[in-house]
Amino acid sequence: MTRSTRSPSAAALPLERPQRAAVVGAGAVGTVVAEAVHAAGHRVTLCARRPLESPTVERDGVRSRLDVPVATRAAEVDPGADWVLVATKAQDTPHTVGWIRHLAGPSTRVVALQNGIDHHDRFAPLLASGRLVPALVYISAERLSRSHVLHRWGRRLVVPRDADGADFAELLGRSSIEVVRHADFTTAAWGKLLTNAAANPLTALTQQRMHVLHQSDMRELAHGLLTEAVAAGRAEGAALSGADARQTLDLYDGLNPQTGTSMLADRLAGRPLEYDLITGAVVRAGDRHGVPVPLSRAVLALLRAQGGGASRDALLGLQPRPS
């Protein structure tokens, strides 16, 4: 049985200068991050496509209702936010253009809370103003209903070790989420990609949760995909080795067998899949550097055959859309 509470209010955590933040994307990760920014004492608006009543985060059997404004149009929010946190899936990035163009001023930091290794290339067409902060998300959360998010595990975000990264760490300093600043963000980004490179596509293709990777043949396939990702990442300048592939398998083993992945959830819900920013990134890096990635190429073909995913070229050729 779960207990219900209200999420901590800004009044309970007085700050000398609360920041004004907008979280674009009211999915699982966006809701968890919005809760964290609010708990840290800042003013938060959750930006959603459709009206949302009483967003709730469940964690360790406790449900916390997030008492923040929810906007469905950019015009409902004052422009010039201190922070715009984009927590949509990569294929939904085109829908954030109107929000970002309206909310971001010259001093706004736009945090890209998305998978992939090319945050700057992906968001460059969107930023008429403000500065980009790429962020790697180590949060496992699942939206059980339109307003109910289950936060399963993970409370870490990784950003570059620079001034913007330091300010982002300060933004969340009073929350339960840890912000880690990494001096070698290329390695960090490829390390995060490894956590997705086998688990996401294989669970999505089989429509099974993590227990599927306990089968010997699927584990062998997962190890092959991870080995190819390590080789492609090394060619891109990431400090990876075979040990990283083995450690990723160990990470998979340590998860509850009933844990799902974001790509599996998207496939079961009939939503577009994020394959081009994960498996596609491995294949493109392999092609750039002449690194053989036959397993990744085959898996990418199978994922594309499912339909619904946005290509990277489409994401990088964005045109502004109405919010």
Check on Ala188, of a type in the set (A, V, I, L, M, F, W, C), farther than 27 Å from Ala28 by Cα and in a helix (DSSP H, G or I):
no
Are there any pairs, at least 6 apart or on different chains, whose C-beta atoms fall under 8 Å, with the first in region 277-300 and in contact (Cβ under 8 Å) with a residue 24 or more places away in the chain and the second among the aromatic types (Phe, Trp, Tyr), and if so, which?
Leu300/Tyr275
Filter result for the condition that a residue is open to solvent by 20 Å² or more (accessible area, probe 1.4 Å) and at pLDDT below 95, over Ser176, Ser216, Ser241
Ser176
Of the residues in region 282-302, how many are of a type in the set (Gly, Ala, Ser) and under 18 Å from Thr203 (Cβ atoms)?
3
Out of the residues in region 148-172 meeting the condition of being at pLDDT 95 or above and of a type in the set (Gly, Ala, Ser), tell me which one is nearest to Val44 (Cα to Cα).
Ala169
Can you name the residue in region 45-63 that is surrounded by 10 or more Cβ atoms within 10 Å (Cβ to Cβ) and of a type in the set (Gly, Ala, Ser) and is also farthest from Thr96 (Cα to Cα) among such residues?
Ser54
From the list Leu221, Leu193, Leu157, which one is in a helix (DSSP H, G or I) and either β-branched (Val, Ile, Thr) or buried (at least 23 other Cβ atoms within 10 Å of the Cβ) (or both)?
Leu193
Which residues, counting only those in region 235-271, are within 13 Å of Glu142 (Cα to Cα) and among the acidic types (Asp, Glu)?
Asp266
Extreme residue, surrounded by the most Cβ atoms within 10 Å (Cβ to Cβ), among residues of region 73-109 that are of a type in the set (A, V, I, L, M) and farther than 24 Å from Ser140 by Cβ:
Leu103
Being within 13 Å of Gly25 (Cβ to Cβ), over 13 Å from the mean Cα position of the chain (by Cα) and not hydrophobic (A, V, I, L, M, F, W, C) is the filter here, so list the residues in region 99-146 that pass it.
Arg143
Hey, among Leu264, Leu273, which residue is part of a loop (DSSP other than H, G, I, E, B), surrounded by 24 or more Cβ atoms within 10 Å (Cβ to Cβ) and at pLDDT 90 or above?
Leu273
Scanning region 13-44 for residues that are under 16 Å from Ala169 (Cβ atoms) and open to solvent by less than 20 Å² (accessible area, probe 1.4 Å), the one nearest to the chain's Cα centre (by Cα) turns out to be Val33
Take the residues of region 45-81 that are acidic (Asp, Glu) and assigned to a loop (DSSP other than H, G, I, E, B): which is farthest from Gly130 (Cα to Cα)?
Asp60
Can you name every residue in region 125-143 that is in contact (Cβ under 8 Å) with a residue 60 or more places away in the chain and either in a loop (DSSP other than H, G, I, E, B) or under 27 Å from Ser107 (Cα atoms) (or both)?
Pro125, Leu126, Val137
Please work out which residue is modelled with the highest pLDDT, limiting yourself to region 119-133 and to residues that are open to solvent by less than 20 Å² (accessible area, probe 1.4 Å) and not aromatic (Phe, Trp, Tyr).
Val133
Inter-residue pairs, beta-carbon under 8 Å, first on the phi > 0 side of the Ramachandran plot and in region 35-50, second in a loop (DSSP other than H, G, I, E, B), 6+ apart
Gly41/Leu13; Gly41/Pro14; Gly41/Leu15; Gly41/Pro18; Gly41/Arg174
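The values are calculated or read from the model by the stated rules, or taken from the named source; none is laboratory data. What you are looking at is a predicted structure, and each value in this text was computed from that prediction instead of being measured. Cβ coordinates were reconstructed from backbone atoms using ideal geometry, including for glycine residues, and neighbour counts include every protein chain displayed. Keep in mind that these areas ignore ligands, DNA and RNA; they rest on the heavy atoms of the full protein, side chains included. Shrake-Rupley method; radii C 1.70, N 1.55, O 1.52, S 1.80 Å.
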